[in-house]
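Inspection log for the structure reproduced underneath, given as structure tokens.
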Amino acid sequence: MPLLARLAFAPRGMANPLFAARAAVSARGLALIAVVAALSIPVTGLSATPPGAVAQEYDLKAAFLFNFAQFVEWPTDAFDEASTPITIGVLGDDPFGASLDALVSGETIRSRRLLVRRYRSVEQVHACHILFVSSSEASQLDHIARALAHRSILTVGETKNFAAHAGIIGFELAKRRLRLQINPAAAAAARLTISSKLLRQARIVKPSGRRE
């Protein structure tokens with residue numbers, strides 16, 4: 001079993017997949033994407049899932065959010081200046097706790113530092129580049145899609161068919177594995193370029209609803 005896979009399933013408090021991700025990202029980010037995409041996650045339903053398994057699921061999702069910044073290009077006008085950081089936002093209930101902050105702390109991508117912000121409503125989302133839409137916002141997806149239309153924000157969600165309905169990248173749990181769905185048309189509408197290396201790790205979906 002690859003080292004990263006072993007770390008990902010070590011008991012919490014021992015080796016941590018977040019810090020394995022930090023160690024891997026500079027040298028082999030693509031390998032991380034490939035390995036994490038293939039990892040089996042013991043999740044069959046939140047009510048039946050041990051708390052440690054849920055925590056590991058969100059550690060892996062945090063690692064993905066971190067790595068998306070490597071495999072997505074934003075238009076120059078998405079940043080006010082050369083030193084503007086890449087902002088990873090969490091909209092709604094935060095399932096990551098301190099894990100996401102710990103993962104990006106002190107890291108830079110393309111000479112930009114990374115920071116994390118939390119938002120209670122989409123109206124608070126201003127300077128943001130990657131936005132994780134929590135499952136707590138499931139009833140607001142149409143509103144969120146309209147509010148963010150034509151903005152260069154990589155929207156990432158975990159609700160069913162998120163990428164096809166309202167966003168760009170969706171996490172899905174299929175046969176106990178964490179997989180990606182990517183909507184290239186939605187990415188193009190947001191003027192984002194997603195690396196073919198990342199696209200090859202995902203299931204490509206087409207929009208089923210309008211982003212106006």
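The values are calculated or read from the model by the stated rules, or taken from the named source; none is laboratory data. Every value quoted in this text rests on a predicted model; they were computed, and no experiment measured them. Glycine also receives a Cβ, built like all others from the backbone with ideal geometry; neighbour counts cover every protein chain displayed.
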Kindly establish whether residue 93 is in a loop (DSSP other than H, G, I, E, B), out of contact with any strand residue (DSSP E or B) (no Cβ under 9 Å at 6 or more places or on another chain) and exposed (fewer than 15 other Cβ atoms within 10 Å of the Cβ). yes
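Among 107, 73, which is among the charged types (D, E, K, R) and in contact with a helix residue (DSSP H, G or I) (Cβ under 8 Å, 6 or more places away or on another chain)? Please lay out each step first, then the result.
Values: 73 fails: in contact with a helix residue (DSSP H, G or I) (Cβ under 8 Å, 6 or more places away or on another chain).
The unique qualifying residue is 107.
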Output the number of the condition that residue 132 fails; it satisfies all remaining conditions of (1) farther than 21 Å from residue 199 by Cα; (2) in contact (Cβ under 8 Å) with a residue 12 or more places away in the chain. (1)
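Residue by residue, here is whether (1) touching a Leu at 6+ places or on another chain (Cβ under 7 Å); (2) on the phi < 0 side of the Ramachandran plot; (3) polar (S, T, N, Q) holds:
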| position | (1), (2), (3) |
| --- | --- |
| 111 | no, no, yes |
| 129 | yes, yes, no |
| 157 | no, yes, no |
| 164 | no, yes, no |
| 173 | no, yes, no |
| 187 | no, yes, no |
| 192 | yes, yes, no |
| 204 | no, yes, no |
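Output the residue which, of all residues in the range 80-90 that are surrounded by fewer than 18 Cβ atoms within 10 Å (Cβ to Cβ) and closer than 17 Å to residue 131 by Cβ, is farthest from the chain's Cα centre (by Cα). Full working, then the answer.
First pass over the range 80-90, keeping only residues surrounded by fewer than 18 Cβ atoms within 10 Å (Cβ to Cβ): 80-85.
Subset that is closer than 17 Å to residue 131 by Cβ: 84-85.
Numbers: 84: 20, 85: 17 Å.
For the range 80-90, the residue satisfying everything is 84.
Which one is surrounded by the most Cβ atoms within 10 Å (Cβ to Cβ) among residues in the range 178-206 that are part of a loop (DSSP other than H, G, I, E, B) and touching a helix residue (DSSP H, G or I) at 6+ places or on another chain (Cβ under 7 Å)?
At the first step, the residues of the range 178-206 found to be part of a loop (DSSP other than H, G, I, E, B) are 183, 190-192, 195, 200-202, 205-206.
Okay, now just the ones that are also touching a helix residue (DSSP H, G or I) at 6+ places or on another chain (Cβ under 7 Å), so 183, 195, 201, 205-206.
Values: 183: 26, 195: 16, 201: 18, 205: 19, 206: 10.
The selected residue is 183.
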Looking at the range 112-142, which of the residues that are part of a loop (DSSP other than H, G, I, E, B) and modelled with pLDDT of 95 or more is surrounded by the fewest Cβ atoms within 10 Å (Cβ to Cβ)? 120
Looking at the range 127-150, which of its residues are of a type outside the set (Gly, Ala, Ser) and more than 17 Å from the chain's Cα centre (by Cα)? 140, 142, 143, 146, 150
